[in-house]
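The values are calculated or read from the model by the stated rules, or taken from the named source; none is laboratory data. Quick caveat, the model's predicted, so the values are computed rather than measured. Neighbour counts are summed over all protein chains in view; Cβ atoms, including those assigned to glycine, are modelled from backbone coordinates with ideal geometry.
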Amino acid sequence: MKFRKLGRTDLDVSLIALGSMTWGEQNTEAEAHAQIELALDLGVNFIDTAEMYPVPPRAETQGRTEQYIGSWLAANPARRAGIVLATKAAGPTRAPAGPTKGPARPSHIRGGRTNFTRVNLNEALNDSLKRLRTDYVDLYQLHWPDRSTNFFGQLGYTHVAEEDTVPILETLQALDELVRAGKIRHIGLSNETPWGLSQFLRHAEAAGLARVVGIQNPYSLLNRSFEVGLAEMAIREQVGLLAYSPLGFGVLSGKYLGGQKPAGARLSLFDRFQRYSSENTERAAYEYVKAFRLAGIDPAQGALAYVNSRDFVTANIIGATTLEQLRADIESVDIVLPDDLLAALDGIHARWPNPAP
């Protein structure tokens, strides 16, 4: 396994992070535990979850993923210290800030009280700690902004004026209190924009508050939008990308090409991820899969290796439903993509840029 520093902290996190959003929906508790065991055996030390998980979010299953992790930790208390455990607080339900409608956001969590106030964040974290059966989390992230902006596939920003949002400084002060209380070690953002990240950093410096150490946004060959604005900030400000959906929900493996709907696969089961099923996405995916196969590289491992190779990436968050998939995904750390293949991938991107933002 390879490791990279988490922001300006002393934590070394594995380049491959174990994602968990299928646990409790597509994976049983026993399967989740088996994935944790295998990942740790292969050198992974970073596990990512969220209070909202599993996905798709439903009131009946909300929090189940954290519970599965908690039951494993309860059975293996001696291994807690060697794990970098991350979770997220769900943000508020708002109308999209643009003409491209993103997926519905849950309103069942705390009865819809998901603005990033001190009270709500304290309740969210305490509930997560109970489900995770631990006294602290290493990284606590805001799942999406407490304002209308572009994320979850939304395009065409339209400003929403005079919105009832919690000021970023107030949210950061609440998070800083939780750091000082020892309930979280570090804070992070998710689905955030350059403006949002800059505001958190500005307030942290001005007021001496906890500093953001990572930003969890989507990044893959089908969505390289992070490279515009945020990649520079990730490097210059040492707030590295924790990349999610690095396979574009499995599309870059090639298993959906030609209209295939593999049994049990995420896009076969759920219709909420339309940006991964567009005509341009399929065209681009076909070209990427073809390029990897011509180079003698498994398409899924090649797509993950591309994300691994980016210098603004701290960790690549992979999700799998089988142990075979998980092992292959983790082994992508050993793949080095040749220069001619990287040039071919850039050529495909030029023809089909960011079809699944």
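Summary table below
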{"quantity": "Among (1) on the phi > 0 side of the Ramachandran plot; (2) within 17 Å of the chain's Cα centre (by Cα), the one test that residue 43 misses", "calculated": "(2)"}
{"quantity": "Where a residue in the range 202-220 is charged (D, E, K, R) and its partner, wherever it lies, is not in a helix (DSSP H, G or I), with Cβ under 7 Å and at least six apart", "calculated": "211/8"}
{"quantity": "Set 171, 134: member being part of a loop (DSSP other than H, G, I, E, B) and farther than 20 Å from residue 319 by Cβ", "calculated": "134"}
{"quantity": "Residues (aliphatic (A, V, I, L, M) and closer than 24 Å to residue 5 by Cβ) located in the range 299-328", "calculated": "304, 305, 307, 313, 315, 317, 318"}
{"quantity": "Count of the range 135-158 residues which are at pLDDT 90 or above, surrounded by fewer than 20 Cβ atoms within 10 Å (Cβ to Cβ) and touching a Gly at 6+ places or on another chain (Cβ under 7 Å)", "calculated": "1"}
{"quantity": "Pick from the range 317-341, criterion of a type in the set (Val, Ile, Thr) and closer than 18 Å to residue 46 by Cα, ranking: farthest from the chain's Cα centre (by Cα)", "calculated": "333"}
{"quantity": "Residue count for the range 36-64, restricted to those that are within 23 Å of residue 241 (Cα to Cα) and in a helix (DSSP H, G or I)", "calculated": "3"}
{"quantity": "Residue ID - surrounded by the fewest Cβ atoms within 10 Å (Cβ to Cβ), chosen from residues in the range 227-251 that are in a loop (DSSP other than H, G, I, E, B) and not hydrophobic (A, V, I, L, M, F, W, C)", "calculated": "229"}
{"quantity": "In the range 65-81, residue nearest to the chain's Cα centre (by Cα) [restricted to those that are in a helix (DSSP H, G or I), of a type in the set (S, T, N, Q) and surrounded by fewer than 22 Cβ atoms within 10 Å (Cβ to Cβ)]", "calculated": "67"}
{"quantity": "In the range 174-198, residue surrounded by the most Cβ atoms within 10 Å (Cβ to Cβ) [restricted to those that are out of contact with any helix residue (DSSP H, G or I) (no Cβ under 8 Å at 6 or more places or on another chain) and not in a loop (DSSP other than H, G, I, E, B)]", "calculated": "188"}
{"quantity": "Residue satisfying condition, being within 30 Å of residue 28 (Cβ to Cβ) and among the aromatic types (Phe, Trp, Tyr), within set 286, 276", "calculated": "276"}
{"quantity": "Helices (runs of 4 or more DSSP H) wholly inside the range 277-344 that include at least 2 residues being surrounded by fewer than 18 Cβ atoms within 10 Å (Cβ to Cβ)", "calculated": "279-294, 323-330"}
{"quantity": "Matching option when the condition is hydroxyl-bearing (Ser, Thr, Tyr), touching a helix residue (DSSP H, G or I) at 6+ places or on another chain (Cβ under 7 Å) and either over 20 Å from residue 77 (Cα atoms) or touching a residue at least 24 places away in the same chain (Cβ under 8 Å) (or both), among 134, 165", "calculated": "134"}
{"quantity": "Residue 128 surrounded by fewer than 20 Cβ atoms within 10 Å (Cβ to Cβ), modelled with pLDDT of 95 or more, outside any strand (DSSP E or B) and touching a helix residue (DSSP H, G or I) at 6+ places or on another chain (Cβ under 9 Å)", "calculated": "no"}
{"quantity": "Number of positions in the range 108-150 that are within 24 Å of residue 193 (Cβ to Cβ) and acidic (Asp, Glu)", "calculated": "1"}
{"quantity": "Residues being in a helix (DSSP H, G or I) and surrounded by fewer than 24 Cβ atoms within 10 Å (Cβ to Cβ) - total across the range 199-226", "calculated": "10"}
{"quantity": "Sole residue being crowded, with 16+ Cβ neighbours inside 10 Å, touching a strand residue (DSSP E or B) at 6+ places or on another chain (Cβ under 6 Å) and within 18 Å of residue 131 (Cβ to Cβ), chosen from 17, 32, 39", "calculated": "32"}
{"quantity": "Count of the range 124-166 residues which are among the hydrophobic types (A, V, I, L, M, F, W, C) and under 21 Å from residue 108 (Cα atoms)", "calculated": "9"}
{"quantity": "Residues being more than 20 Å from the chain's Cα centre (by Cα) and at pLDDT 95 or above - total across the range 82-111", "calculated": "1"}
